1. Go through the cysteines of the chain and tell me which have no other cysteine Cβ under 4.7 Å away.
2. Which whole-number percent gives the relative contact order of the chain, counting Cα pairs below 8 Å spaced six or more residues apart?
3. Under 15 Å from the Cβ of Ala238, count the other residues' Cβ atoms, weight Lys and Arg +1, Asp and Glu -1, and hand me the total.
4. Which of the following values of Cα Rg over 2.2 N^0.38 Å was calculated from the structure shown: (i) 1.05; (ii) 1.35; (iii) 1.17?
5. For Lys61 and Lys146, what is the calculated FRET efficiency with R₀ set at 51 Å and r taken between the beta-carbons, to the nearest 0.05?
6. Which cross-chain or sequence-distant (5 or more) residues have an amide H under 5 Å from the amide H of Ile100, H modelled 1.01 Å from N in plane?
7. Please give me, ordered by residue number, the GluC sites (Glu not before Pro) of the range 72-162 that lie in loop per DSSP and have at most 14 other Cβ atoms within 10 Å.
8. Sort the following peptides by mean Cβ neighbour count (other Cβ atoms within 10 Å, averaged over residues), highest first: 183-191, 52-60.
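Derivation of every value follows stated rules applied to the coordinates shown; laboratory data play no part. Predicted, not measured: the structure shown is a model, and the values here were computed from it. Don't worry about glycine lacking a Cβ; one is built from the backbone with ideal geometry, like all the others, and counts go over all protein chains shown.
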Amino acid sequence: MSDNKTKDLIGAIKSKGKTLESEMSFFDHIDVLRKHLLRSLLVIVLLTGAAFWFYEFIFDKVVMGPMSGDFWTYRMMCKLAQHFPSLGSDFCITEIKGKIINTEMAGQFTLQINSCIMTGIVFGVPYLLFELWLFIKPALHDKEKKSARGFVFFASLLFLIGILFGYFIICPLSINFLTNYSVSSRIENTFTIDSYLSSVATLTIGTGIIFELPVLIYILSMFGIMTPAFMRASRRYAVVIILIISAVVTPTPDMMTMLVVAFPLFILYELSIFISASIERKKNKELYGTK
């Protein structure tokens, strides 16, 4: 009886030791992740500081760009209206009538800080993805590392394309509509600087995040969570969701603007199906030796 108790005690101690070892391993991973995130934060802080140095250009040309009638998107729309008169005179935008005001004592100071922080975040995303890759890479097998090669480049490229699409397409179309929309002539459209900056940042950065859909599908397909068969079967629902997102992101009444926004999302969804199918074929080839 005594021997049995001794064995049980030794077994309990070993079991507890394994539990502590696994817990220590978990906390070690958390510590490593913390270091990667701290390095990413440092880079974002440095980029934010650099944005303060170039703030005059960032504010006048970038932040306030969509409020100018000379903005690139509006000029291209006017050229299209000249070549295609059927688009109508309203398609050519030469002036944004909305007025931006400051209603708080520290409003303009807050505007400068927030716009610089957002600039630092946008330019710091590629380095953040690089640090996340360094954290994940040691846990991957050689085949997984090989298949995931170029993750940082493609994820950064998709984010950049999304940022440009949101800034040059979605943002100016939305601003033009919202600044001209009125329910009564007695109400003047004046917007606070916080409202304007948050709208520009949400539309721009939000589109950049949405364009990461192929990367998300790639990761889910690698773990077997997402399959091309499921995505093909859900295509009709995806179309409805994409149209709803397009209608929300671009609160304009015309169908053409919504389709302009929805078109690249359709392409991203089809690209995601292709990526998921490629991963499934590769897995089948490794498991069963089939193409």
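1. Within the chain, the cysteines lacking a partner Cβ under 4.7 Å are Cys116, Cys171.
2. 19 percent
3. After counting each charged neighbour, the total is +2.
4. It is the value labelled (ii).
5. 0.75
6. Phe191
7. Glu95, Glu104
8. 52-60, 183-191
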